[in-house]
Amino acid sequence: MGIVLVAGFGDTSGDELAAKAIALKFASEGANIAFTDLVIDENAQNTAKEIEAMGVKAKGYASNAANFEDTAKVVEEIHKDFGRIDILVNNAGITRDGLMMRMSEQQWDMVINVNLKSAFNFVHACTPIMMRQKAGSIINMASVVGVHGNAGQANYSASKAGMIGLAKSIAQELGSRGIRANAIAPGFIITDMTAGLSEEVKTEWAKKIPLRRGGTPEDVANIATFLASDMSSYVSGQVIQVDGGMNM
């Protein structure tokens, strides 16, 4: 599968477990893993060791995904360490929820900057490498709220919709260079954040999902593996909803 860069490993919007599941799944397929986070702390170091135990190379890099220059430098460093970048997973994300009439400019700017600008930063830094390789797969971790919207999350919804538009545009621009770009839109995924919801809330969620359960990080990782592999060699510019049929 080659070299995988997971950008924004410590996503605080609830997808951090999905990022780890993706990294472990990719590693199980023989991929070497580079990942970025604001700080490479003990947890990140332990994750790198867990990945390395699967017989592949893994390294974490401290980087602010929302900073253009910082991103360019870390991608250059990763390319130097690993020799190539075959797959980019854009996962950086935060939430600052609130109704539009009460949402502050800071809430809006923070979410757009971290979620959407970080994806632009990494795509901008990685595509010249992929173009020279004449191959690459870009996967943007979006959300069902980026497809359908959600009250109280205008900023988050807009950022995730932007990531979908970014993937579709890159697919058109760089398809002739052998680069594919797609987006994954997870629905109700069971993470540490959602696990804290009351049983009543989780039950109500389940009633809205045809498969009658929340998704797992592994469900998301399986789709990411498909989009990163040759099994999806003729798939580009698509959005795959991983939501148990909730938004058909």
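Excluding ligands, DNA and RNA, what is the solvent-accessible area per residue of the stretch 194-248 at a probe of 1.4 Å, expressed in Å²? Display every interim value, and only then the final one.
Working: 3360 Å² over 55 residues.
Here the residues of the stretch 194-248 average 61 Å² of exposed surface.
Just to be sure I understand: of the beta bridges DSSP finds with both ends in the chain, what percent are antiparallel, rounded to 5?
0 percent
Report, in debye and to the nearest 20, how large the dipole of the stretch 21-170 comes out about its Cα centre when Lys and Arg carry +1 and Asp and Glu carry -1 on their Cβ.
The dipole of the stretch 21-170 has a size of about 480 debye.
Tell me which lysines have Cα within less than 19 Å of residue 160's Cα, excluding those fewer than 8 residues away on the same chain?
Straight-distance partners of residue 160: 117, 168.
Compute the signed sum of charges (Lys and Arg +1, Asp and Glu -1) over the other residues within less than 13 Å, Cβ to Cβ, of residue 207. Could you put the intermediate results ahead of the total?
Working: positive: 202, 208, 212, 213; negative: 199, 200, 204.
Value of the local net charge: +1.
Which value in deg cm²/dmol, rounded to the nearest 500, describes the helix-derived mean residue ellipticity at 222 nm for the chain, given -39,500 (n - 2.57) per DSSP H run of n ≥ 4 and division by the residue count?
Calculated from helices alone, the mean residue ellipticity at 222 nm is -14000 deg cm²/dmol.
Determine the per residue accessible area of the stretch 1-130 with all protein chains present and a 1.4 angstrom probe, expressed in square angstrom.
Values: 5860 Å² over 130 residues.
Result: 45 Å² per residue.
Quick one: pull the percent of accessible area on the chain belonging to carbon and sulfur, 1.4 Å probe, ligands and nucleic acids left out.
That fraction is 53 percent.
Considering amide H positions built from the backbone, and no H for Pro or chain starts, which residues 5 or more places from residue 58, or on another chain, come under 5 Å of its amide H?
HN-HN under 5 Å from residue 58: 33.
The values are calculated or read from the model by the stated rules, or taken from the named source; none is laboratory data. Bear in mind the structure is a predicted one, so any value in this text is a computation, not a measurement. So basically every Cβ, Gly included, is an ideal-geometry build from the backbone, and we count neighbours across all protein chains shown. Note: accessible area is taken over every heavy atom of the protein model, side chains too, but ligands, DNA and RNA are not part of it. Shrake-Rupley method; radii C 1.70, N 1.55, O 1.52, S 1.80 Å.
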